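Data block below; observations after.
Coordinate-derived values only; no laboratory data. Just so we're clear, the structure is a prediction, and the values are computed from it rather than from any experiment. Because the Cβ atoms are built from the backbone with ideal geometry, glycine has one as well, and the counts that use them run over all protein chains shown.
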């Protein structure tokens, strides 16, 4: 069993001076206002009421304001329960008069001495670690779009809990010796007939990010990757990580504990971050990723050259790998200027990180063009290795429930 430690960005949860046996968790519905605007105020009220009923299984609930409440729990279980609550409540939809929604939640420990006046400051002082959501737009088009994204997210969770969501693995190889793997990237696959399968994995991820629910996917994928690394000490696995998930909070407690407890395993995990980090979130993201790197995990910057924040990211985050977006290899097929651009970017990337991956290798001519690159340059694409296999993602609520039943 892993020892769960507190994240440095989370406030402490010292037992109340009035009762040393109790501590407090601040529970927030991040998308509460969005649900009200997309479905009506009754849905927002129902979401808060149903969440409070669920939280009652863990402790005493005190209402703070719309979308916020305080949960009193046993002091010895505060951090374990924070992750347990996130998993159990985030993957279980709320229902009201035929409307079904998922809650984007944040749960974290808070200092509270039991005095009523202290409740006024909890909401504003403890949720600096919450990810932000896109702003509400008061139009019918926005409501329809939000509801469409929510349906895709609901179908995804249903497929996941039904055993129809899994991972395939694509190798990252050397251009001059395709028998050698750097690591294998885990790619999302959905096997059940649903709107999320029709939309495709990329659109599912877009919907989850738009709704503030991408944490659910990242939690499942990284948990599965760690389990696979534990089962096979010879493999090295890469996982995509949304920028919205790259923050120190209670979702990461067991993952950080596992990496801390198994440093050799951590060295075989590659976390691939996209260039979508908002400028105001950059300091928190950098601090979080630096902590994972200190535990042994490798950091990769994915799709470099597609976003506006790439160079800002590499200046403050110690990436081990930069993955050059496939568009640059595609352009190199078409013109001499494209080839020169590719060559220049590869040289720049080699200065920014120890390893470089060129994405989009689809033909023998692509591979031959990359043969001259030897030192610390790798390739990825359908020609050097298609995504293969199927590893099912487990229903995380079952694991959380089993852990709760097995806990003393």
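A few points about this structure:
- Structure remark: mean-square fluctuation, Gaussian network model of the chain, C-alpha springs under 10 Å; the largest value among 91, 382, 156 belongs to 382.
- In terms of the mean number of neighbouring beta-carbon atoms within 10 Å, the peptides 318-331, 166-179 order highest first as 318-331, 166-179.
- Report summary: the helix-based calculation at 222 nm, which adds -39500 (n - 2.57) for every DSSP H run with n ≥ 4 and divides by the residues of the chain, gives -13000 deg cm²/dmol.
- Rh by Kirkwood over Cα pairs, then Stokes-Einstein D for the stretch 150-398 at 1.567 mPa s and 4 °C, µm²/s: 69
- Rounded tilt (10° steps) of 214-231 against the dominant C-alpha axis of the chain: 70
- Computed Kirkwood radius, in angstrom, where 1/r is averaged over Cα pairs of the stretch 22-129: 14.0
- Helix axis angle, 336-352 relative to the chain longest principal axis, alpha carbon, degrees: 50
- Sites residue 203 and residue 333 - FRET efficiency at Förster radius 30 Å, r taken between beta-carbons, to 0.05: 0.65
- Förster-model FRET efficiency, 30 Å R0, residue 181 and residue 340, C-beta, rounded to 0.05: 0.50
- On Cα atoms only, tilt of 140-161 relative to the major axis of the chain in degrees: 80
- Stretchable slack from residue 97 to residue 312, in nm (0.36 nm times residue separation minus alpha-carbon distance): 72.7 nm
- Sites residue 57 and residue 139 - FRET efficiency at Förster radius 35 Å, r taken between beta-carbons, to 0.05: 0.35
- Protection proxy ranking, highest mean first, for peptides 213-219, 273-279, 54-60: 213-219, 273-279, 54-60, where packing is the per-residue count of other beta-carbon atoms within 10 Å, averaged.
- Site pair residue 234 and residue 368 shows an inter-label distance of 3.4 nm when each label is modelled 7 Å from Cα along Cα→Cβ.
- In percent, rounded to a whole number, the relative contact order of the stretch 150-398 is 24, using alpha-carbon pairs under 8 Å and six or more apart.
- Inter-label distance, residue 294 to residue 320: 1.7 nm, where each label sits 7 Å from its Cα along the C-beta direction.
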